[in-house]
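Report on the structure given below.
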Amino acid sequence: MSPPKLRFGWLDALVLAVVFGLIGYVVYRAQSHFHYNWDWRLIPGYFIRYDAEQGDWVLNLLGQGFLATVRLALWGGVLAALIGGAMGVCRVTHVLFFRLLGWSYVGLIRNIPPLVFIFIFYFFHQQSVVALAGYREPDCRGHAGDLAGADLAIRAAGVATEFPVRVDLLGAVRGCLRY
């Protein structure tokens with residue numbers, strides 16, 4: 001049986017004309033309405049800057065954020081591969097406990113929407129780490145405190161100074177800064 005032959009009729013042409021006309025109208029309105037001249041020369045300065053004190057080029061805030069994002073993605077991928085591989089092995093083993101563990105992981109962790117995990121780690125995990133470190137809540141009316149002070153508070157409390165803890169504190173301390 002041969003597949004049905006596709007036909008292009010006048011209604012198809014009308015729909016395509018209306019769609020392209022709407023896209024053209026939106027582009028025209030965007031060009032004629034917004035009279036802003038983008039100064040793209042400033043963007044590299046947000047990624048890297050020259051520090052006169054050190055006499056060298058250093059990463060600026062967006063550069064640090066980009067590297068932190070890449071680092072989190074790589075470590076997250078490694079952790080996900082390890083956990084996923086372990087749970088996959090657990091699901092096919094002959095030991096009942098490990099099979100139940102694998103099925104529980106899939107049933108509980110994999111069926112929770114990612115947004116719920118984001119809320120859990122952003123709101124609850126961050127507050128517990130900050131409280132465990134003994135770092136007080138930043139004052140959002142004035143200055144938000146110093147990130148180095150938060151890092152020192154964590155080191156003094158004996159809590160891990162690893163990357164995720166610093167990311168959490170960066171969110172807590174920088175969360176109420178007004179640039």
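The values are calculated or read from the model by the stated rules, or taken from the named source; none is laboratory data. What you see is a predicted model; the values in this text were computed from it and never measured. Don't worry about glycine lacking a Cβ; one is built from the backbone with ideal geometry, like all the others, and counts go over all protein chains shown.
Tabulated data for the structure shown
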{"quantity": "Scope the range 27-53; condition out of contact with any Gly (no Cβ under 9 Å at 6 or more places or on another chain) and surrounded by 10 or more Cβ atoms within 10 Å (Cβ to Cβ); matching residues", "calculated": "Val27, Tyr28, Arg29, Ile43, Pro44, Gly45, Tyr50, Asp51"}
{"quantity": "Unmet criterion (only one of (1) in a helix (DSSP H, G or I); (2) loosely packed, with under 11 Cβ neighbours inside 10 Å; (3) modelled with pLDDT of 85 or more) for Leu62", "calculated": "(2)"}
{"quantity": "Some residue of the range 69-84 being among the small types (Gly, Ala, Ser) and surrounded by 14 or more Cβ atoms within 10 Å (Cβ to Cβ)", "calculated": "no"}
